[in-house]
Amino acid sequence: MRLRWTSAVLAASLVLTACGGSGKDDIADQSAGYQAGDGTMTVLAVDDRTEAPELAGPLLGGGELSTADYAGKIMVLNVWGSWCPPCRSEAPDLVAAAEELGDRAQFIGINTRDLDAAPAEAFVRAFEVPYPNLFDPDGELLLGFGQLPPKAIPSTVIIDGEGRVAARVLGEVDKATLVGLVSDIEGGE
């Protein structure tokens, strides 16, 4: 009986540590309704694309951002949380893709469900994320996506140069996939 109780306590501690929370309430607040993605990728034909919502709000570290400021440019929007293990895993690939693509695409992070900005800011520093990150603790910015909502964490949505939703990846994404998607969208596919 004692061994079973010790195992249960150890398992609970590991879950708390992996989720980045310090207690039961942290996990419930941050991961309520959390749905991990399976890497499903959807790419829309040009004729099937609809206008992306304009996203505007506060940035981690201060300031404000609006996606309207990047009109005419391909945008890669990545939805993430500092408490999300797949988000940590994909962060180096996102940074590498942003660096490789340079001016060809504007990367924007959307931090969600971090109720306090401090863990999210630590994430950005730890992974040396070079692009701006909107702070969206309640997930309100994500509600405007009708056609391809970023319904998993992490999710990545790519907006074409005409401001339309062109592609979405539900779950972890890698550098090669991002570079390939942006190249295809540039080519008009």
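Local charge for VAL169 was computed over the other residues whose Cβ lies under 11 Å away, with Lys and Arg +1 and Asp and Glu -1, and equals -3.
Modelled spin-label separation between LEU143 and SER183, with each label point placed 7 Å from Cα along the Cα-to-Cβ direction: 4.0 nm.
What trypsin sites (Lys or Arg not before Pro) in the range 92-148 are in a loop by DSSP, with at most 16 other Cβ atoms within 10 Å of the Cβ? Present the calculation step by step, with values, prior to reporting the outcome.
Numbers: sites: ARG104, ARG113, ARG125; in loops: ARG113.
Taking the range 92-148 and a limit of 16 other Cβ atoms within 10 Å, no loop trypsin sites (Lys or Arg not before Pro) are found.
Using the 1.4 Å probe convention, the accessible area of the range 122-186 works out to 40 Å² per residue with neighbouring protein chains retained.
About its Cα centre, the range 84-189 has a charge dipole of approximately 220 debye under the convention of +1 per Lys or Arg Cβ and -1 per Asp or Glu Cβ, with nothing else charged.
Shown in residue order for the range 136-144 are the 3J(HN,Hα) couplings computed by the Karplus curve 6.51 cos²θ - 1.76 cosθ + 1.60 at θ = phi - 60°: 10, x, 9, x, 5, 5, 7, 5, x Hz (x for Gly and Pro).
The values are calculated or read from the model by the stated rules, or taken from the named source; none is laboratory data. Every value quoted in this text rests on a predicted model; they were computed, and no experiment measured them. Using ideal geometry, Cβ is built from the backbone for each residue, glycine included, and neighbour counts are taken over all protein chains shown. Ligands, DNA and RNA are excluded from the accessible area calculation, which covers all protein heavy atoms including side chains. Shrake-Rupley method; radii C 1.70, N 1.55, O 1.52, S 1.80 Å.
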